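Asker: The structure under discussion is supplied below as structure tokens; questions concerning it will follow.
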Amino acid sequence: MTTNAVLQGIRVLDFGRYIAGPFCASLLADLGADVIRIEKVSGSEDRFLSPITPQGDGALFMQMGRNKRGMTLNPMKPQGRELVRRLVATADVVVANLPPDTLQAMGLDYESLCRIRPDIILTLITAFGSGGPYSQRVGFDGLGQAMSGAMAMSGTPEQPCKSYAPFVDFGTASLSAYGTLAALYERQKSGRGQVVEASLFSTALTFMNGTAIEQDALALNRQATLNRSQTSAPADTFRTRDGWVLVQSVGGPLFERWVALMGEPHWLEDPRFKDDISRGDHGEVISERLARWCAERTSAEVLQQMEAARLPAGPVMSLQQVLDDPHVAEAGLLQRVDYPGLTKPAPVMRPPVRLSATPADIRQRAPTLGEHTDAILGELGYSDSEIAALREARVI
């Protein structure tokens, strides 16, 4: 472990599933916390999503499991509940994105945790949060996108579109890690633990809040316009002779440079294009002009001229092109990490935020199923014979 890691000495129990909980714990692990990922005895479902190894371990788990130790545990058995109690007694944070009734059954509700360790921090992630009629509903990232207005404002009026990237999950994980760090800082000052509560719905509403505020103030009832922005222009995707590019322009200076590139100086005097919102209102006209210009050029030619004019633009890249991108390589954004069963190391994204004095990093690969169970139980005082008995009883 890095000796100057921010969270060195902090232990996190990761009872998360899929993305929101596990990635929150991953971010804490990147900062040096000792994160113990706790799975079902046969392996939790998210381990096996998009399998890439002969034993079925999935691509997402390569990312979510980095820097964690892994153990298996059935907390619904009496010996499992005792094991949970002994684990919690050593922990600073418990991360769980499980329904409230499941938490209670596992002894992971806040009251139960506090009886074991009064200053514990419980980072709780649910689909809809507490206090409303949806609070008991289960859900995934897509529901956040669907019920926040994000899907309605993506795609077209005839076909709402969900983002392939689960940004609500990753956003919730990031906000949960932020809340957990704040709770750890508060505990350092006051000695008190607390519940950090996040939800997919709250994250999605946060991301869509500006558009919701505009709707409340002006009742514009905006409709989706695929990739074209409605609040500035040019901002859209455009087909070139050999691919697609995205151009995104906000602000008068960028528009002036774009007008010069297009050779349309009279557009600077056109009242339809006087400011960002006016240009957004007439974005179809601007997009049509730029579409004709792009259609006559290759993507490389478009991007070279856009860069020369200092206009934000980039290619629409395939995943393989992302993996082969020179900036990704030279900036060291992906770290190749070995994993048992893989024919070559997996390209795991490094921590996305860099700290100059106390850097986060990838210290170890994701754990195989139950890889560190015996070592962790040994730390808790279990003997080899006791560990063997727990395994025989399928507690671990």
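Asker: With Cβ to Cβ distances under 12 Å as the rule, what net charge do the other residues near LEU7 carry (K, R +1; D, E -1)?
Answerer: Overall, the nearby charge balance is -2.
Asker: Okay, helix-only estimate at 222 nm for the chain: each DSSP H run of n ≥ 4 adds -39500 (n - 2.57), divide by all residues, round to 500 deg cm²/dmol; what do you get?
Answerer: -11500 deg cm²/dmol
Asker: Can you tell me the convex hull volume per residue for the range 235-316, based on C-alpha atoms, in Å³ to the nearest whole number?
Answerer: 75 Å³
Asker: For the range 321-396, build the convex hull from the C-alpha positions and give me its volume per residue in Å³.
Answerer: About 141 Å³ per residue, rounded to a whole number.
Asker: Using the Karplus equation 6.51 cos²θ - 1.76 cosθ + 1.60 (θ = phi - 60°), what ³J(HN,Hα) coupling, rounded to whole Hz, does each residue of the range 172-180 give in order, writing x for Gly and Pro?
Answerer: Along the range 172-180, the couplings run 5, 4, 5, 5, 5, 5, 4, x, 5 Hz.
Asker: Same structure again: So, in the chain, how many Lys pairs have Cα atoms under 30 Å apart, if the pair is 8 or more places apart or on different chains?
Answerer: Lysine pairs meeting both conditions in the chain amount to 6.
Asker: Can you give the net charge of the other residues whose Cβ lies under 11 Å from the Cβ of ALA20, counting K and R as +1 and D and E as -1?
Answerer: -2
Asker: Another question, if that's okay. What angle do you read, to the nearest 10 degrees and between 0 and 90, between the alpha-carbon axis of helix 299-308 and the longest principal axis of the chain?
Answerer: 80 degrees
Asker: Here's something else I'd like to know. Could you rank the peptides 55-61, 18-24, 90-96, 272-278 by their average count of other C-beta atoms within 10 Å per residue, with the highest value first?
Answerer: Ranking, from highest mean packing down: 18-24, 90-96, 55-61, 272-278.
Asker: Sticking with this one: Among DSSP beta bridges whose residues both lie in the chain, state the antiparallel percentage, nearest 5.
Answerer: The answer is about 40 percent antiparallel.
Asker: Residue by residue through the range 207-224, which ³J(HN,Hα) values in whole Hz follow from phi under the Karplus form 6.51 cos²θ - 1.76 cosθ + 1.60 (θ = phi - 60°), with glycine and proline marked x?
Answerer: Coupling constants for the range 207-224: 5, 9, 5, x, 5, 5, 4, 4, 4, 5, 6, 10, 6, 6, 6, 4, 10, 4 Hz.
Asker: Take the Cβ-Cβ distance between ALA295 and LEU342 as r, set R0 to 41 Å, and report the resulting FRET efficiency rounded to the nearest 0.05.
Answerer: E between ALA295 and LEU342, to the nearest 0.05, is 0.45.
Asker: Quick check for you: which residues of the range 239-263 have the amide N under 16 Å from the point 7 Å beyond the Cα of THR156 toward its beta carbon?
Answerer: 239
Asker: Report the local net charge at VAL302: Lys and Arg +1, Asp and Glu -1, summed over other residues whose C-beta lies under 11 Å from its C-beta.
Answerer: In short, -1.
Asker: Here's another thing I want to ask about it. Which of MET64, MET349, MET106 has the fewest other C-beta atoms within 10 Å, and how do the rest follow up to the most?
Answerer: Exposure proxy ranking, most exposed first: MET349, MET106, MET64.
Asker: Sticking with this one: Just want the ordering: THR72, THR343, from fewest to most Cβ atoms lying within 10 Å of their own Cβ.
Answerer: Going from least to most buried by this count: THR343, THR72.
Asker: Which of ASP270, ASP109 has the fewest other C-beta atoms within 10 Å, and how do the rest follow up to the most?
Answerer: ASP270, ASP109
Asker: Which whole-Hz ³J(HN,Hα) couplings does the range 340-347 yield from phi under the Karplus relation 6.51 cos²θ - 1.76 cosθ + 1.60, θ = phi - 60°, glycine and proline marked x?
Answerer: Result, rounded to whole Hz: x, x, 7, 7, 8, x, 7, x.
Taken together, the values in this text are just the output of simple stated rules run on the coordinates, not laboratory data. These numbers were taken from a predicted model, which means no experiment stands behind them. Backbone-built Cβ (ideal geometry, glycine too); neighbour counts: all protein chains shown.
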